[in-house]
Amino acid sequence: MTKLEQLKERLAVISDLNGATAVLGWDQQTYMPPGGAAARAEQLATLGRLAHESLISDEIGALLEGASAEATGSDGDSEETCLLRVVRRDYEKACKVPPALVAEIARATSLGMEVWVQARKESNFSLFQPAFQKIVDLQRQLAHCLGFEESPYDALLDQYEPGMRKSELVRIFSELEAGLVPLVQSISERIDRVDDGLLRQTYSEAAQWEFGLEAARCLGYDFQRGRQDKSVHPFTTSFSVNDVRITTRVDQQFLPTALFGTLHECGHALYEQGISQELERSPLASGASLGIHESQSRLWENLVGRSRGFWKFFFPRLQQSFPKNLHDVSLESFYRAINRVEPSLIRVEADEVTYNLHVLLRFNLESALVEGRLALADLPEAWNASMKALLGVTPPDDARGVLQDVHWSNGLIGYFPTYSLGNVLSVQLFERVKAEIPRLAAPSEGGNFTALLDWLRQHIHQHGRKFLPSQLVERATGSALQAAPYLRYLREKYSEIYL
Ligand code: ZN
């Protein structure tokens, strides 16, 4: 056996451990009874430790050396070369972090989550502050272990968006800010032009569930290799290219929750189901980054799912599913209702136009914390001032302000910006698809998504982690990541609705 073959065998074992971890995680959030929590935490920790130890073993290090020597001179885009590059990256990163720090971060974040739940309940940031301080300090230590050139924030960001830099984010976000703030202001002055009351009636849970399944099937989600279940927070998880699952939640009083939640998760799942079978049981068999992943979910949720063309086809079907609610509603009223914009306090409830300003705020604050430019004691005030400046609203309390998201308590710093990267990229990709396949621009295309899905499969999905996000974007669209198409899209769409 060659060194490469031996390495692949080792990596397949690690991939099995990670797959089993994902099954346990899925079960935990869907069907596990509450009593199972303590044992499940142990099981997950054990599998996680085994996978980590296998990766940083001397054996993997030696096989990597040997396989690289065998591979000299082979094509830079070949599966082998990409595999070696990705594994070397993962291996070196994992080796740089001392196990003691990993353990300390695990402890601090599990305590952090607990304290955060209580602090949010009482809407009191000062309760959370000491635990959060510990988390920020540990994340800074982690950044120093991982190494960086410009900012410690780069090292943290790189875990979720390989190759991305803070300086690049500053460029993209300042373009977004310059375009979005005035757009939000002018929409705010005309807020009552769109009413979404029709979405806030009682919609049968069973019919919502059925409609979501039908829509997912039309988009191309393969139920032979997936399924949908209920969970408190919707998510997508993959145990294998051939077993990719989504979850959703249903709100009987608000139609968009399940509907767009399903389309969103379905977008993530189409990506995972589209990864080449050849990459199965290897570290290449997952998405290239969180930003690329989010570009897929947002593309299906917003560019497809909130478009007129989509509803020209689906609205009559939706009316059949909910005759009492929708029989006398016009397609146009429905289209406007699902695209209502309103500056609000809560990120997860935000619309397409205001969403990225919520992310920008978190990026500014968390990078300032990591770089030591902002003291934690001043965070709530900085949060509120930023909300006022960007969105024109002021949180009445910490629960609806600085304490609303779970991410920071979980040690996820450098994660938020990937949401915006996904939004921005979704439009860049979609414009490219429409340029290459002109009939996709025509609204009559509703109901058949094969051409779109095929394009995404060919340019994004099949490659898994073979390429860095920036390479993937360049190969798929012919240019680097750009905010301009996204801003143009929002301006055109929402000017027509509001202005
Ligand atoms: Zn998502």
For the chain, the dipole about the Cα centre with charges only on Cβ (Lys and Arg +1, Asp and Glu -1), to the nearest 20 debye, works out at 740
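Give, in nm to one decimal, the length gained when the segment between His233 and Arg40 is fully stretched (0.36 nm per residue of separation minus the Cα-Cα distance).
On the way: separation 193, 0.36 × 193 = 69.48 nm, distance 1.85 nm.
Separation in residues times 0.36 nm, less the Cα-Cα distance, equals 67.6 nm.
Please give the length that would be gained between Lys312 and Leu111 if that part of the chain were fully extended, namely 0.36 nm times their separation in residues minus their C-alpha to C-alpha distance (nm, one decimal). All intermediate terms of the calculation are to be shown ahead of the outcome.
On the way: separation 201, 0.36 × 201 = 72.36 nm, distance 4.93 nm.
Contour length minus Cα-Cα distance gives 67.4 nm.
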Over segment 96-176, what percent of the accessible surface lies on carbon and sulfur atoms, probe 1.4 Å? 55
Take every Cα pair under 8 Å in segment 304-408 that's 6+ residues apart, average their separations, divide by the length, and report that relative contact order as a whole percent. 21
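Keeping every protein chain present and rolling a 1.4 Å probe, give me the accessible area per residue for the chain in Å². Can you show the working numbers first?
Working: 21340 Å² over 499 residues.
Per residue, the chain has an accessible area of 43 Å².
Return the FRET efficiency for the residue pair Ala69, Glu205: r is the Cβ-Cβ distance, R0 is 60 Å, and the value is rounded to the nearest 0.05. If you can, show how the numbers build up before the last one.
On the way: r = 59 Å, r/R0 = 0.99.
So, using R0 = 60 Å, E works out to roughly 0.50.
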Given 4 °C and 1.567 mPa s, compute D for segment 150-242 with the Stokes-Einstein relation, Rh being the Kirkwood radius over Cα pairs; round to the nearest whole µm²/s. 70
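Exposed loop GluC sites (Glu not before Pro) only (DSSP loop, at most 14 other Cβ atoms within 10 Å): please give the longest stretch of the chain free of them, not including the sites.
Formally, the longest exposed-site-free interval is 190-370.
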Can you give the FRET efficiency to the nearest 0.05 for Cys95 and Gln118, using r as the Cβ-Cβ distance and R₀ = 35 Å? 0.45
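Apply 1/(1 + (r/R0)^6) to the Cβ-Cβ distance of Asp192 and His327, taking R0 = 22 Å, and write down the FRET efficiency to the nearest 0.05. Walk me through the intermediate numbers first.
Numbers: r = 25 Å, r/R0 = 1.14.
In this case the efficiency is close to 0.30.
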Towards the positive end of the charge dipole of the chain, with charges on Cβ (+1 Lys, Arg; -1 Asp, Glu), say which of Ser470, Ser151, Asn325 has the farthest Cα. Asn325
Taking the alpha-carbon centre of each part, the distance from segment 239-298 to segment 335-407 in Å is 26
Testing the spin-label approximation: label points 7 Å from Cα along Cα→Cβ at Glu150 and Arg249. State their distance in nm. 3.7
Taking only the alpha-carbon positions of segment 3-125 and ignoring solvent, what does the Debye formula give for the base-10 log of I(q)/I(0) at q = 0.16, 0.17, 0.18, 0.20 Å⁻¹? -0.91, -0.97, -1.03, -1.15
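Express the carbon and sulfur contribution to the solvent-accessible surface of segment 398-457 as a percent, rounded to the nearest whole number, probe 1.4 angstrom.
Working: 1000 of 2010 Å².
Accessible surface attributable to carbon and sulfur in segment 398-457 totals 50 percent.
Counting only C-alpha contacts under 8 Å and six or more residues apart, can you give the relative contact order of the chain as a whole percent? Provide the component values of the computation, followed by the final result.
On the way: 696 pairs, mean separation 101.3, N = 499.
Worked out over the chain, it gives 20 percent.
At a temperature of 4 °C and a viscosity of 1.567 mPa s, determine how fast the chain diffuses translationally according to Stokes-Einstein, using the Kirkwood radius over alpha-carbon pairs as Rh; express D in µm²/s, rounded to the nearest whole number.
Numbers: Rh = 24.0 Å.
After rounding, the answer is 54 µm²/s.
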In nm, spacing of pseudo-spin labels at Met1 and Ala484 (7 Å Cα→C-beta vector): 5.2
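What dipole magnitude, in Debye to the nearest 20, does segment 377-499 give about its Cα centre under +1 on Lys/Arg Cβ and -1 on Asp/Glu Cβ? Show your work: numbers first, answer last.
Working: 12 positive and 12 negative charges, 106 e Å.
Dipole magnitude for segment 377-499 comes out near 520 debye.
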Stretch Gln319-Asp378 to full length: gain in nm at 0.36 nm per residue minus the Cα-Cα span? 16.2 nm
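What pairs in Lys312/Lys493; Lys166/Lys388; Lys93/Lys466; Lys434/Lys466; Lys230/Lys466; Lys166/Lys434 have C-alpha atoms more than 21 Å from each other? Numbers along the way, then the final one.
Values: Lys312/Lys493 16 Å; Lys166/Lys388 24 Å; Lys93/Lys466 17 Å; Lys434/Lys466 25 Å; Lys230/Lys466 32 Å; Lys166/Lys434 31 Å.
As for pairs spanning more than 21 Å Cα to Cα, those are Lys166/Lys388; Lys434/Lys466; Lys230/Lys466; Lys166/Lys434.
The values are calculated or read from the model by the stated rules, or taken from the named source; none is laboratory data. Predicted, not measured: the structure shown is a model, and the values here were computed from it. Ideal geometry is used to build each Cβ from the backbone, glycine not excepted, and the neighbour counts take in all protein chains shown. These accessible areas exclude ligands, DNA and RNA; they are computed on the full protein's heavy atoms, side chains included. Shrake-Rupley method; radii C 1.70, N 1.55, O 1.52, S 1.80 Å.
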